[in-house]
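Reviewing the structure listed below.
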């Protein structure tokens, strides 16, 4: 399967403004790109790329005053298969976890484990450990929160989403991540593309998606409490402790996001 992915972001600036962009496909999927996701800007501006501490591709740019357009249009190869399940994946005792997973047990900007620990153990302490327990968390979050774009708030934390019982995909992910961490299961936030491939199309503008990965059975596994089903065509952009680590753009000065478009669509392969 081939998937066309891309975006177009239009900003307005009153002065030269530094930006950090987190918009390139994750290095683990780079070999699947048929048409590279090079970032283009209008007007043209010098771009400098680097890898952050968790391996995400980041781009630095100095945006000029006035309108500034950022975009890409890429093509990526995908298996076309739904994500697999691993029902026998087990939980690790904390003392047996690899060193690099331990940071994903700690509280972070949007995942305040100190507020949700009692609820997590009350709800899931007796659940079967491993894959089943993480799936039970996803089932709970999927049913507990109502989804709508009007519920989005950049400051909303997992604790607030739990109490307000509403949010967008990143809030679903933050709440599930926090509950996992409370139960000593490493969990990390993911962002990327997720189109309506193999499922009914949503009657809403396309956006970047948020989900999470849990460390079970010696590997990281994808879970998606917003959609709560194994999906086709998920394309990872970045991973981090929570959404603060993987913001699509960080601007260091006044700005207005004037328009925002994202696309991810299955396309037919062209015969050679």
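No value in this document is a laboratory result; all are computed from the given coordinates. Computed from a prediction, not measured in an experiment: that's the story for all the values here. Please note: Cβ atoms are built from the backbone with ideal geometry, for glycine as well, and neighbour counts cover all protein chains shown.
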Legend entry - Helix-only [θ]222 nm of the chain, DSSP H runs n ≥ 4, -39500 (n - 2.57) each, per residue, nearest 500: -5500 deg cm²/dmol
Inset, instruction - State the antiparallel share, in %, of DSSP beta bridges confined to region 94-245, rounding to the nearest 5. - result: 90
Legend entry - Cα centroid separation - region 200-253 against region 82-124, whole Å: 17
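For Cα pairs less than 8 Å apart in space and 6+ apart in sequence, what is the mean separation divided by the residue count of the chain, i.e. the relative contact order in percent?
Working: 591 pairs, mean separation 81.2, N = 272.
Reported relative contact order: 30 percent.
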Legend entry - Helix axis angle, 169-182 relative to the chain longest principal axis, alpha carbon, degrees: 40
Legend entry - Radius of gyration, Dmax [region 94-245; alpha carbons; angstrom]: 14.4, 46
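Report Rg/Rh for the chain, rounded to two decimals, where Rg is the Cα radius of gyration and Rh the Kirkwood radius.
0.97
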Inset, instruction - Could you sort 137-146, 179-188 so that the peptide with the highest average Cβ count within 10 Å comes first and the rest follow in order? - result: 179-188, 137-146
Inset, instruction - Beta carbons within 10 angstrom, averaged per residue: use that to sort the peptides 219-225, 119-125, 95-101, highest first. - result: 219-225, 119-125, 95-101
Legend entry - Principal axis box of region 205-254, alpha-carbon based, largest edge first, Å: 44, 29, 16
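Averaging sequence separations of C-alpha pairs under 8 Å and six or more residues apart, then dividing by the length of region 94-245, give the relative contact order as a whole percent. Write down the numbers at each step before the final one.
Numbers: 265 pairs, mean separation 42.8, N = 152.
Here the relative contact order equals 28 percent.
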Legend entry - Relative contact order of region 110-184, defined on C-alpha pairs under 8 angstrom at six or more residues apart (%): 47
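Could you list 156, 128 so that the one with the fewest beta carbons within 10 Å of its beta carbon is first and the one with the most is last? Could the numbers behind the result be given before it?
Numbers: 156 19, 128 12.
In order of increasing Cβ crowding within 10 Å: 128, 156.
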Inset, instruction - Put one equal scatterer on each alpha carbon of region 57-163, apply the Debye formula with no solvent term, and list log10 I(q)/I(0) at q = 0.15 1/Å to two decimals. - result: -1.03
Legend entry - Listed peptides 88-94, 209-215, 198-204 by packing density, highest first (mean Cβ within 10 Å): 209-215, 88-94, 198-204
Legend entry - Using alpha-carbon coordinates, inclination of helix 131-144 to the longest axis of the chain, degrees: 70
Legend entry - Helix axis angle, 113-124 relative to the chain longest principal axis, alpha carbon, degrees: 50
